[in-house]
Each structure stands twice: as C-alpha cells, then as structure tokens.
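**Student:** Dropping a structure here in structure tokens format, bear with me for questions.
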Amino acid sequence: MTGHCLVILTVGVVSLFFSVCGQVISRGPCPPVLLQRDFNVNNYIGSWYEIERFPASFESSLKCINAKYWLKQDGTIWVINNGTDIETGEQTTIEGYAWVPDPNVPAKLKVRFRWWMPAGDYWIMRTDYDTYSVLYSCDDFIFGFFKMEYAWILSRNRSLNTGTLTDIKRDIQDRGVDISHFLSSDQIGCDAKDNTLKYKPLDEDLSVINT
C-alpha cells in the first residue's frame, strides 16, 4: 500500500494501535485458508527459527529471530520470542501465552503478549513438526474491504532445504495466499550470539491471560 499510513486497531500476532506501514495490506476479505489437520501441540513445542516472513513492523529491525514453546500443565503454551537488533546487537525478548479456544479446531491458536492487548491469531497452516512450520494470521477491517496478513515460515534449524522451502511456498500459494510478500530472515552468524532463554517457566496461573 502506497501513500500515507493508516492507523487502525488490529488483532495480529502483536496487537495494539499502531501505524500499519510495513505491513501487508490488500483489498478484499481474508481467504478461507486450509489449516493443519489434527494438529498435535505436544509435537510442536520446542525451538523454532524464522526462515521467511511477511513484512511486520515489530520485526523490521531484528535478525536471528527465534521462538521457544513450553506446554504447561493446564494445556496453555508459554511463548518466548527472541531477536537481535540489527544496529546495536542487543537481544530483544518478549514473553506471552498461547492457547486453543476451540478444541475442535486445534490448529487455530490465540496468543497474547501483554495483558492489555487483544489476543492475536496464531494459525498453523502446515507443519511436519520435525522440520518446518507455516503460520498465518489475517484480519479484516473496514467491513472486509481490506485485510492485513501476516505469515511466517519456521524451521527447527536456522536454515531450511531449498527444495522443501519451494514446496512449502507452492502449497501456501495453492491455499490462496500471495507468496510474493515473503522476505528472507537473517539467521547468519546467529549461533554465537544466541542468548535465548534456556529455563522452563514456572506453572503460574494463566486465568488473567486467557480471559
């Protein structure tokens, strides 16, 4: 989208009033994408590294982006996202919680990083649990005349086989998502700087987060 920026209330992976410059905005409603069948969260937990993503303002200054997930006793998921500032080299960490609102659709998760933020969508479009995962989020606004999309391709490692990546993106396109928006994430030289948190979080009460 060209021209001056819009300011809207959006429910995305990080949701708040913010300028939508640097996001993927397009005309029309969100597509009815197919999601992972019989998603198993137990097989999904652990570490993931960002390989490609749609433009997102909250990640624009970061490299070495990765996420860790722990399954808690109450079925919710502790989320820790990490990245390194491209300019300063400083580590950025944000913690949150994810959960499945409808057990009949386990691939449609919600995530919240601040208690005062609306919960955002965290939809598992496709994963083999051991190699890759594709995440998708889309919000309609202005009565469905426009939509804001986010998408991520993650890997268990800091790189992903080119053939696998090509197959994934072809499948995403077949599901109605424009893959031309994908940007490569920088995971070069990150292992030595990887200060991602190693602890397993305590099982505190999530009643405030999940309401």
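For (1) among the aromatic types (Phe, Trp, Tyr); (2) buried (at least 18 other Cβ atoms within 10 Å of the Cβ); (3) outside any strand (DSSP E or B); (4) touching a strand residue (DSSP E or B) at 6+ places or on another chain (Cβ under 9 Å), each residue gets a yes or a no:
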site	(1), (2), (3), (4)
ASP38	no, no, yes, no
ASN42	no, no, yes, yes
TYR49	yes, yes, no, yes
GLU52	no, yes, no, yes
LYS63	no, yes, no, yes
LYS68	no, yes, no, yes
GLY75	no, no, yes, yes
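**Student:** Also, I was wondering about something else. Identify the residue in the range 163-184 that is β-branched (Val, Ile, Thr) and touching a strand residue (DSSP E or B) at 6+ places or on another chain (Cβ under 7 Å) and, among all such residues, is nearest to LEU35 (Cα to Cα).
**Tutor:** ILE172
**Student:** Name the strands (runs of 3 or more DSSP E) wholly within the range 82-175 that hold at least 1 residues that are over 13 Å from the mean Cα position of the chain (by Cα) and farther than 20 Å from ILE51 by Cβ?
**Tutor:** In the range 82-175, 91-99, 132-141, 146-155 are the strands (runs of 3 or more DSSP E) which contain 1 or more residues that are over 13 Å from the mean Cα position of the chain (by Cα) and farther than 20 Å from ILE51 by Cβ.
**Student:** May I ask you to verify whether TRP99 is touching a residue at least 24 places away in the same chain (Cβ under 8 Å) and touching a Pro at 6+ places or on another chain (Cβ under 8 Å)?
**Tutor:** No: the conditions fail for TRP99.
**Student:** Among the candidates ALA107, ALA119, ALA151, which residue alone is in contact with a Lys or Arg (Cβ under 9 Å, 6 or more places away or on another chain) and at pLDDT below 90?
**Tutor:** ALA119
**Student:** Only one of (1) at pLDDT 85 or above; (2) touching a Leu at 6+ places or on another chain (Cβ under 6 Å); (3) farther than 22 Å from GLY189 by Cβ is not met by ILE80, so which one is it?
**Tutor:** Among (1) at pLDDT 85 or above; (2) touching a Leu at 6+ places or on another chain (Cβ under 6 Å); (3) farther than 22 Å from GLY189 by Cβ, ILE80 violates only (3).
**Student:** Related question: Select from the range 134-153 the residues that are of a type in the set (A, V, I, L, M), out of contact with any helix residue (DSSP H, G or I) (no Cβ under 7 Å at 6 or more places or on another chain) and over 16 Å from LYS108 (Cβ atoms) and write down the one among them that is surrounded by the fewest Cβ atoms within 10 Å (Cβ to Cβ).
**Tutor:** Once the filter is applied, the top-ranked residue is ILE142.
**Student:** Residues of the range 134-166 being in contact (Cβ under 8 Å) with a residue 40 or more places away in the chain and of a type in the set (Gly, Ala, Ser), which ones?
**Tutor:** Result: SER137, GLY144, ALA151, SER155, SER159.
The values are calculated or read from the model by the stated rules, or taken from the named source; none is laboratory data. Just so you know, these numbers come straight off a predicted model, no measurement behind them. Counting neighbours? That spans all protein chains shown, and the Cβs are built from the backbone with ideal geometry, glycine included.
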